[in-house]
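Input: a single structure, listed below in structure tokens.
Values quoted throughout were computed directly from the atomic coordinates according to the rules given, and no laboratory measurement underlies them. Given the structure is predicted, the values throughout are model-derived calculations rather than measurements. In this analysis, Cβ positions are derived from the backbone assuming ideal geometry, glycine residues included, and neighbour counts consider all displayed protein chains.
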Amino acid sequence: MRGLPLLLIFCFPLCLQGQGCCSGGPPLSGSLGLEPIRSRQWQVESIFDYNTQQNLVSGTKSFADNPRNRLTYAGLLRVSYAFTARFSLTGLTSWVRQEERIERINGGLGVNYAQGLGDAVVLGQYQVWQKERCSWFAGLGITLPTGDTHDANPDTGIPFHPDMQAGRGAVDFIGSTLFTCNVGIRATSSLFAQVTYRFSRAADRYQGLQSYQFGNELRVLAGFGDQILIGKQLFLPAITAVFRTTQEDLINGLPSPNTGGIWWHLRFGLQWPITPNLETRGFIEAPVAWQLEGTQLTTSLRARLSLLYSWGAD
């Protein structure tokens with residue numbers, strides 16, 4: 001069971017990422033995760049997340065000729081503390097930069113960007129039970145609207161669309177549950193599955209002239225992980241299938257076109273425990289298939305690299 005903390009990291013993801021064109025902001029939920037933490041242990045993790053959205057998709061069809069793409073760079077800081085062997089609390093802050101690049105008809109490249117402090121998240125985690133080789137975790141969280149929602153185009157002064165802003169502007173709620181079990185193929189191998197749901201709320205935009213609500217989101221992850229010893233170094237690879245579906249966004253209570261859909265992604269992750277207290281984590285994630293509402297710009301590649309330091313513990 002020593003490799004379970006790694007497997008849990010790669011199974012969550014909650015972004016909630018594999019973002020579509022209207023995801024908005026940094027991958028907060030997907031940066032929290034559920035994982036066992038020893039009693040009275042502190043964890044601090046610095047995270048860099050990169051998401052490139054170059055696939056223009058209508059329904060299930062992808063268009064090769066796409067003059068527009070988007071890049072999202074997110075820096076996140078995650079701090080966790082375990083009050084007991086079963087209960088822990090995690091806080092997450094973020095900074096995000098989103099760039100939208102458009103090929104002009106007369107040549108050249110136009111670039112719009114929005115950047116700044118993103119939203120924050122607080123998540124409580126509880127280990128419901130652990131029996132021999134299997135564990136069940138549950139978590140509840142809340143998103144705090146600390147991010148900027150008023151960033152505007154410097155050339156026109158017109159505010160960017162909500163999905164380009166650093167924050168969502170609303171208090172959202174997150175619920176997640178994780179099941180993991182040593183499968184016995186090898187003493188170090190495990191299967192894991194996680195279900196996460198984000199309940200979104202509406203926020204005022206454009207000085208109260210519009211109410212915008214991102215669609216509620218369901219995310220299911222399932223995967224397999226193991227441990228590999230190369231020389232004296234331990235590495236923990238994992239492969240995860242990611243299923244994500246979102247409802248349509250709402251503008252003044254009415255469905256917004258070209259939002260919502262279903263995504264299937266595949267993620268390859270690796271963790272390297274450098275010392276007993278320091279480890280690096282990373283993954284690469286790519287889409288496999290889509291079923292989207294209308295026409296949307298969606299993820300073509302996502303990558304993450306993080307460094308985690310832990311101390312204390314009974």
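Placing a label point 7 Å from the Cα of Ile142 along the Cα-to-Cβ direction, the residues of segment 166-194 whose backbone N falls under 18 Å from that point are 168-176. Put in line by how crowded their Cβ is, counting other Cβ atoms within 10 Å and starting with the fewest, Ser176, Ser211 read Ser211, Ser176. Could you compute the net charge surrounding Ile174? Neighbours are other residues with a C-beta less than 13 Å from the C-beta of Ile174; K and R count +1, D and E count -1. Neighbourhood net charge equals +1. Taking other C-beta atoms within 10 angstrom as a stand-in for reagent exposure, Val220, Val121 fall in the order Val220, Val121, fewest first.
What separates the Cα centres of segment 97-136 and segment 243-314 is a distance of 7 Å. Remark: spin-label model distance Thr280-Phe243 equals 3.5 nm, labels positioned 7 Å along the Cα→Cβ axis. Quarter the surface of the alpha carbon convex hull of segment 4-312 and you get the mean projected area, 16.8 square nanometres.
Put in line by how crowded their Cβ is, counting other Cβ atoms within 10 Å and starting with the fewest, Val128, Val96, Val122 read Val128, Val122, Val96.
With a Förster radius of 22 Å applied to the beta-carbon distance between His161 and Asp65, the computed FRET efficiency rounds to 0.45. Spin-label model, Arg201 to Ala187: label points 7 Å out along the Cα-to-beta-carbon direction sit 5.0 nm apart. Annotation for Gln233 and Ser58: the two label points, set 7 Å from Cα along the Cα-Cβ direction, are 4.8 nm apart.
Residues in segment 104-119 carry Karplus couplings, in order, of 6, 4, 8, x, x, 10, x, 10, 10, 8, 9, 8, x, 5, x, 6 Hz; the curve used is 6.51 cos²θ - 1.76 cosθ + 1.60 with θ = phi - 60°, and Gly or Pro positions show x. For segment 223-314, the equivalent ellipsoid built from the Cα gyration tensor has semi-axes of 37, 16, 10 Å, listed from largest to smallest. A convex hull fitted around the alpha carbon atoms of segment 182-233 yields 116 Å³ per residue. Summed over all non-identical Cα pairs, the Kirkwood treatment of segment 130-287 gives a radius of 18.7 Å. Here the alpha carbons of segment 87-203 define both size measures, Rg and Dmax, at 20.6, 66 Å.
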